[in-house]
1. Determine whether residue 391 is open to solvent by 10 Å² or more (accessible area, probe 1.4 Å), in contact with a Leu (Cβ under 9 Å, 6 or more places away or on another chain) and either under 30 Å from residue 614 (Cα atoms) or not aliphatic (A, V, I, L, M) (or both).
2. Of the residues 568, 549, which is open to solvent by 40 Å² or more (accessible area, probe 1.4 Å) and either of a type in the set (Ser, Thr, Tyr) or under 26 Å from the mean Cα position of the chain (by Cα) (or both)?
3. Being within 20 Å of residue 108 (Cα to Cα) and aliphatic (A, V, I, L, M) is the filter here; which residues of segment 62-83 pass it?
4. Can you list residue pairs whose Cβ atoms sit under 6 Å apart, with the first residue in segment 429-442 being modelled with pLDDT under 95 and the second being among the charged types (D, E, K, R)? Count only pairs 6 or more apart in sequence or on different chains.
5. Only one of (1) at pLDDT below 95; (2) under 27 Å from residue 683 (Cα atoms); (3) over 20 Å from the mean Cα position of the chain (by Cα); (4) not in a loop (DSSP other than H, G, I, E, B) fails for residue 587. Which number is that?
6. Do you know which residues across segment 66-106 are among the acidic types (Asp, Glu) and closer than 22 Å to residue 41 by Cα?
7. Looking only at segment 413-431, which residues are within 18 Å of residue 306 (Cα to Cα) and open to solvent by less than 70 Å² (accessible area, probe 1.4 Å)?
8. Report, by residue number, each residue of segment 444-453 that is touching a Pro at 6+ places or on another chain (Cβ under 8 Å) and surrounded by 24 or more Cβ atoms within 10 Å (Cβ to Cβ).
Amino acid sequence: MNQRYRNRNWTKPPPPAKPADIDSEALSGTVESIIYRSEDTGYTVCRVEVEGHRGPATLVGTCAAMWMGEEVRATGKWTRHKQHGYQFQADSIKCIAPTSVKGIERYLSSGMIRGIGKELARRLVKKFGTGTLDIIENHSKRLQEVDGIGPTRRQRIKESWSEQKGVHDIMIFLQGHGIGTAQSARIFRRYGDQAVAMIRENPYRLCADVWGIGFKTADGVAMSLGIPPDSEVRARAGLLHVMTTFSDEGHCYCPSAELLLQAEALLGISVEILGEAMQAELQRRNLVKEDDRIYLRPLYEAETAVAESVNRIVATRVSFRPIDASKAIPWAEDRMKLSFAPQQAEALRMAMTEKFSIMTGGPGVGKTTIIHALVDVFHVRKLHVMMAAPTGRAAKRMEEATNHEAKTIHRLLKFQPKDGRFEHDASNPLKADVLIIDEASMIDIRLMSQFLAAVPDEACVILVGDTDQLPSVGPGNVLRDLINSRAVPCTTLETIFRQETGGWIVRNAHHVNHGEPLELPEKGDTSDFYFIQTENPDDVISKMIYLVTERIPKRFGFNPMNDIQVLTPMRRNQLGADNLNAVLQEALNPTGEEVERFGRKYRVRDRVMQIRNNYDKEVYNGDVGRIAKIAPEDQQMIVEYDGRRVEYQLSELDELVHAYACSVHKSQGSEYPAVVLLMTTQHFKLLQRNLLYTAITRGRHLVCLVGTKKAVFIATKNNEIRQRRTGLRERLAR
């Protein structure tokens, strides 16, 4: 039985009477309460009022959807659970709209219809009785006869009712083909009333069209619909899935022979059939072949476009009078009351005089200082400077450091949801003389292609980043390829200047980067870097909670809800982000208004992270916000991102995860006042030098590493970074 159900103390129902009015193999009644429900699988534990039964019965089984107040018809058998007592284990559950006044009121009070809460449900049922649901569906204008319902709320209720009905019907179809409730809701949002017809026509379209649905799920639907295992449509879909898997691992292309072998292993289809399917996809231009390399078309176009854009920008003169670096650098030194080291001066000279340039280096080497100096010089020359970064937090840091506006790249380019494209592109370039991009190592090939397309010919481009950090989450290795191609000049900063509070964070970041042991303070010394040795996972979690809730706030004054970020190498397992978030939520925000969806409890004040780009809401993968309001009556939740409030329907909460803890990969581009980093041999598969280096450099004022010396040693010595298959360096070198 589900772990969460097993661990909770439900009230044991009395054993069912052995009466003639209750068949031992069937159960009918009204849903009184839902104890547990998995939106992914449909697994449900609920309490059902059964006529003639002494008290509510416990019903356990799987169903497409369920709401309080609904009437259920279940078949199965009574069992006696050693902990929970008698319960009805259902083989099948059918839910139908309630017919009794009490059931209808409970049904409408459950929050299933936006705009109806408990009080309004009571008034509706008092007014319309058993005809309430018919009024909502067929005579909605009459709803305005009830106090508190005007034209706007009436329309919202009508639309929500229609949506719920449509989702329910689709869920029943999809559940029969192995798709859970959460995925069904996303499918309905994508296809609407045409969902069933479109899936029957080609179930493999789900992979490309619906976020969160992979090939395995779509393939299961296809098999249940009777599509032959060796069909061309399955072979083509399998090839695209293998290519997508390669791109998820960071690659831009795959050798053709490897693609066919991987697809053969996945599908069990002969290489001959797969070869024909590959030719069909090449003809359709879903795939592109160059020499022996196979690309997904968008990645091929992005890679070639980046090379063309770099050449275009480099080959064009600037529109403004050249800057004399020999005069500008002393001016900047005098203005900022400092003296630039030779490497810094060279980076400044290059950025001021070259059309396209790169500046790279680790923490504490002065990258931010140089950006500040450049912005001052460009502004005094009255040049239009635009600054951007891949993430909101990185953009905010640029803004704070320079006192000039910085945006995320997505907001800089102005994505238009209606058109599915950026407002600024080759036909409508940005109006700027200089563009400075920070955290450039995070930019994947597609985003770099879109950015460079919008750069006007005459503008200067300056990329700033750290090539020793983790590469971009998306495909490509753009910054490293640009540097290795030598197509654009690059300055590498190596001298460390930042030595705040002893500078242990900066020193240890560089030690890790050079494969050297950590340098730790003497016991009792004040430092900004600490290592807490512990091996048992339970002890690691206990020490983490103590650090976050007591030790760090008392010793350093950091607010655990706002200033402290827990980092871990992975999402799953006991020391993964998913479990740590559940633990930290109970420690930091245990009570308050909440709603449960997709196996998570979301509470007001929770810190949450968006895990996919949502262009309609202008919220992007990795953005972190705080839950400001939960409105079950309206089926809504409000999340605040840096002062901007974003509305989510409760059915959209699968886009949000808690962010008290997050993976190191998700922390890229962010800095936190204090970081608690967990690293044990439980994370063995992900223990790499660039991961540990990235994690340490996320801490601005404090890093507490909790774990084992062995895990740190493994990570420090493991510098075998998996090479990504990209063709950008060669294209640029040509």
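1. On the way: open to solvent by 10 Å² or more (accessible area, probe 1.4 Å): yes; in contact with a Leu (Cβ under 9 Å, 6 or more places away or on another chain): no; either under 30 Å from residue 614 (Cα atoms) or not aliphatic (A, V, I, L, M) (or both): yes.
Answer is no for this residue.
2. 549
3. Those that are within 20 Å of residue 108 (Cα to Cα) and aliphatic (A, V, I, L, M): 64, 65, 66, 68, 72.
4. Hits for this filter: 441/466.
5. (1)
6. Pass one, segment 66-106, residues among the acidic types (Asp, Glu): 70-71, 91, 105.
Residues satisfying the conditions are 70, 71, 91.
7. 413, 422, 424, 425, 428, 429, 430
8. 445
The values are calculated or read from the model by the stated rules, or taken from the named source; none is laboratory data. Being a predicted model, the structure only gives us computed values, none of them experimental. Cβ atoms come from the backbone with ideal geometry, glycine included; neighbour counts cover every protein chain shown. Areas reflect the complete protein model, heavy atoms only, side chains present, ligands, DNA and RNA absent. Shrake-Rupley method; radii C 1.70, N 1.55, O 1.52, S 1.80 Å.
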